[in-house]
1. Determine, yes or no, whether GLU126 is away from the ligand (no atom under 16 Å from the Cβ) and over 15 Å from the mean Cα position of the chain (by Cα).
2. Would you please name the residue that is farthest from the ligand (Cβ to nearest atom), looking only at residues in region 57-67 that are surrounded by fewer than 20 Cβ atoms within 10 Å (Cβ to Cβ) and within 13 Å of PHE120 (Cβ to Cβ)?
3. So which of GLU112, GLU80 is more than 9 Å from the ligand (Cβ to nearest atom) and either acidic (Asp, Glu) or in contact (Cβ under 8 Å) with a residue 60 or more places away in the chain (or both)?
4. On the basis of being in a loop (DSSP other than H, G, I, E, B) and crowded, with 18+ Cβ neighbours inside 10 Å, does GLY107 make the cut?
5. Quick one: which of VAL54, VAL87 is within 16 Å of the ligand (Cβ to nearest atom), surrounded by 11 or more Cβ atoms within 10 Å (Cβ to Cβ) and either hydrophobic (A, V, I, L, M, F, W, C) or on the phi > 0 side of the Ramachandran plot (or both)?
6. How about region 43-85: which strands (runs of 3 or more DSSP E) wholly inside it have at least 2 residues that are within 18 Å of TYR100 (Cα to Cα) and either touching a Ser or Thr at 6+ places or on another chain (Cβ under 8 Å) or of a type in the set (Lys, Arg) (or both)?
7. Within region 90-105, is there a residue that is out of contact with any His (no Cβ under 6 Å at 6 or more places or on another chain), of a type in the set (Ser, Thr, Tyr) and farther than 12 Å from ILE33 by Cβ?
8. Take region 37-51 and flag every residue that is more than 16 Å from the ligand (Cβ to nearest atom) and buried (at least 16 other Cβ atoms within 10 Å of the Cβ).
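The values are calculated or read from the model by the stated rules, or taken from the named source; none is laboratory data. Everything numeric in this text was worked out from a predicted model, so none of it was measured. In this analysis, Cβ positions are derived from the backbone assuming ideal geometry, glycine residues included, and neighbour counts consider all displayed protein chains.
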Amino acid sequence: MYRFFIVLLRVTDLKVNKSSAPPNLIFMEWIPIFNSTEEVRLKLRENAPYLIRVQGKAICVVLRQQLLYAFENKCSHNGEALHKGSVNYLGEIVCPWHGYRFNIKTGRECAERCRDLETFPIEEREDGLFLFL
Ligand code: FES
């Protein structure tokens, strides 16, 4: 019989200074991507993939039915840039190269032919929209 132990650690419990942290320790944080929802409405069109760069990482964002979704821009099949693709009526990003489809909310590849996309939460605050990376 196996026993599993789960250790819960609050973010505030972490007392690690980034500069002294081991190089393999990964830090995630909320990063501002838009100043306001107005900026989102000005820059993005409904269901039109849009490329942003966050800390050197290419992220594709899609505005769909008043919600903003973010996922890695690189197709997990063969690396095509997904912001060049389109969003179909089911809310899937369709890769322009071979047509693989990924759910923009979950990142799931619709026919399980390759790995799912990494998705990123977005949070709206008084001072803008932030992406967790
Ligand atoms: S590179 Fe995206 S489907 Fe092949």
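1. In short, yes.
2. In this case the residue turns out to be LYS57.
3. GLU112
4. yes
5. VAL87
6. Because the criterion is at least 2 residues that are within 18 Å of TYR100 (Cα to Cα) and either touching a Ser or Thr at 6+ places or on another chain (Cβ under 8 Å) or of a type in the set (Lys, Arg) (or both), the strands (runs of 3 or more DSSP E) in region 43-85 that meet it are 67-72.
7. no
8. VAL40, LEU44, ASN47, TYR50
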